[in-house]
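The values are calculated or read from the model by the stated rules, or taken from the named source; none is laboratory data. This one's a predicted model, so the numbers in the text were calculated from it and none came from an experiment. So basically every Cβ, Gly included, is an ideal-geometry build from the backbone, and we count neighbours across all protein chains shown. The accessibility values were calculated without ligands, DNA or RNA, using every heavy atom of the protein model including side chains. Shrake-Rupley method; radii C 1.70, N 1.55, O 1.52, S 1.80 Å.
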Amino acid sequence: MDYSVYVTRLIPRPAIELLEKDCSVELNNKDRVLTKRELVQKVKGKDGILCLLTDTIDGEVIEAADKARVFANFAVGYDNIDVDAATRRGILVTNTPGVLTDTTAELAWALVFAAARRLPEADRFTREGKFSGWSPTLFLGQDVTGKTLGVVGAGRIGTAFAEKSRGFRMKVLYHDIERNTDFEKHTGGVYVSLETLLKEADVVSIHVPLTEATVHLIGKDELRKMKRTAILVNTSRGPVVNETDLAEALANNEITGAGLDVYEQEPRIHPALLALDNVVLAPHIGSASVETRTKMGVMAAENLLAALRGEIPDNLVNPEALDRRR
Ligand code: DGY
């Protein structure tokens with residue numbers, strides 16, 4: 001076997017080594033996202049492409065991938081890929097679910113606490129030499145223990161996030177397009193409407209995939225329903241939250257704080273958010289632990305190899321493509 005594979009950016013070494021056993025691997029060694037033009041050139045003639053969430057795999061790229069049998073995405077989300085276009089051409093699309101669940105849920109908790117206890121602000125203050133001694137009114141934040149948690153999206157990451165609230169003795173409310181009894185079994189969560197969740201939760205954390213239905217799921221009207229003391233956390237996809245509306249709500253103290261790992265137009269961050277102290281901004285690092293990024297790479301490589309061998313990859317997102325596969 002000597003398949004020709006393109007990897008769109010440097011990923012952990014074990015994944016590359018796995019691919020190299022059976023494939024000629026060409027790798028984008030520059031530590032940056034490829035331009036559309038580069039991507040279109042590179043996918044030509046390749047049997048498989050291991051791509052990232054920062055690569056826009058649209059109809060044009062898929063057309064250019066004249067020999068491709070698979071696009072293996074190094075991410076659980078695959079909104080960067082035009083899956084329908086791939087399916088029409090019989091190209092399999094895979095993702096990396098499961099391995100990043102706890103890591104992303106942990107980052108969501110890190111953002112909850114960073115926002116609730118104003119840690120980045122306090123860190124800046126301390127480094128700037130402004131700490132002149134303990135004060136009863138210095139950096140007062142919000143407690144989390146015993147409060148109400150609102151989880152929007154009851155999938156794997158939402159469930160792991162809610163499970164971890166047990167130590168904080170929180171009441172868990174959740175919302176999704178439908179009830180999820182697994183979520184309830186694992187977390188004791190109660191299914192409510194989005195409106196009830198927003199009105200009652202002290203911490204609202206978003207864990208939905210990006211689809212047409214979830215674009216701007218949280219905007220002005222939703223933010224107005226939240227408590228003034230509430231915190232909003234988003235580790236899913238940026239466009240789920242209307243950033244202009246969020247910045248306005250934070251500036252007017254309509255909610256007390258927010259923690260964001262994702263943005264509407266990454267890597268651009270809304271200037272109004274950058275100017276605010278009551279929002280914690282992380283650079284899309286939800287799954288960024290050494291262990292998890294390695295597992296994601298190996299999983300993406302295994303998916304890709306399985307597709308090239310004519311097997312059904314474990315994490316196939318478009319089984320409809322199997323009937324038309326190349
Ligand atoms: C994913 O896998 O979709 C994450 O956003 C990557 O960290």
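Here are some notes:
- Scan the stretch 195-218 for residues that are closer than 20 Å to residue 75 by Cβ, in contact with a Ser or Thr (Cβ under 9 Å, 6 or more places away or on another chain) and among the β-branched types (Val, Ile, Thr) and the total you get is 3.
- Filter pass, residue 182 being free of Cβ contacts under 8 Å to residues at least 12 places away in the same chain and either of a type in the set (A, V, I, L, M, F, W, C) or in a helix (DSSP H, G or I) (or both): no
- Residue ID - farthest from the ligand (Cβ to nearest atom), chosen from residues in the stretch 48-64 that are more than 17 Å from residue 4 (Cα to Cα) and either in contact (Cβ under 8 Å) with a residue 40 or more places away in the chain or surrounded by fewer than 17 Cβ atoms within 10 Å (Cβ to Cβ) (or both): 63
- Close Cβ contacts (under 6 Å, 6 or more residues apart or on different chains) running from residues in the stretch 76-104 that are over 21 Å from residue 238 (Cβ atoms) to residues that are in a loop (DSSP other than H, G, I, E, B) comprise 87/318; 90/325; 90/326; 91/68; 93/317; 93/318; 94/313; 94/315.
- Selection within the stretch 84-109 - more than 14 Å from the ligand (Cβ to nearest atom), part of a helix (DSSP H, G or I) and touching a strand residue (DSSP E or B) at 6+ places or on another chain (Cβ under 9 Å): 85, 86, 87, 109
- Residues of the stretch 111-123 that turn out to be without any contact (Cβ under 8 Å) to a residue 40 or more places away in the chain and either out of contact with any Gly (no Cβ under 7 Å at 6 or more places or on another chain) or over 18 Å from residue 204 (Cα atoms) (or both), as a count: 3
- When 222, 254 are checked against the criterion of being buried (at least 20 other Cβ atoms within 10 Å of the Cβ) and either touching a Leu at 6+ places or on another chain (Cβ under 7 Å) or not basic (Lys, Arg) (or both), 222 stands alone in meeting it.
- Pick from the stretch 229-251, criterion of a type in the set (Val, Ile, Thr) and touching a residue at least 40 places away in the same chain (Cβ under 8 Å), ranking: most open to solvent (accessible area, probe 1.4 Å): 229
- Test: residue in the stretch 156-175 that is open to solvent by less than 40 Å² (accessible area, probe 1.4 Å), within 16 Å of the ligand (Cβ to nearest atom) and under 30 Å from residue 58 (Cβ atoms): yes
- Checking each residue in the stretch 1-47 for being among the basic types (Lys, Arg) and touching a residue at least 24 places away in the same chain (Cβ under 8 Å) picks out 9, 36, 42, 46.
- The set of residues in the stretch 281-297 that are of a type in the set (A, V, I, L, M, F, W, C) and either within 14 Å of the ligand (Cβ to nearest atom) or surrounded by 24 or more Cβ atoms within 10 Å (Cβ to Cβ) (or both) comprises 282, 285, 288, 290, 296.
- Filter pass, residue 71 being hydrophobic (A, V, I, L, M, F, W, C), within 16 Å of the ligand (Cβ to nearest atom), assigned to a strand (DSSP E or B) and out of contact with any Pro (no Cβ under 8 Å at 6 or more places or on another chain): yes
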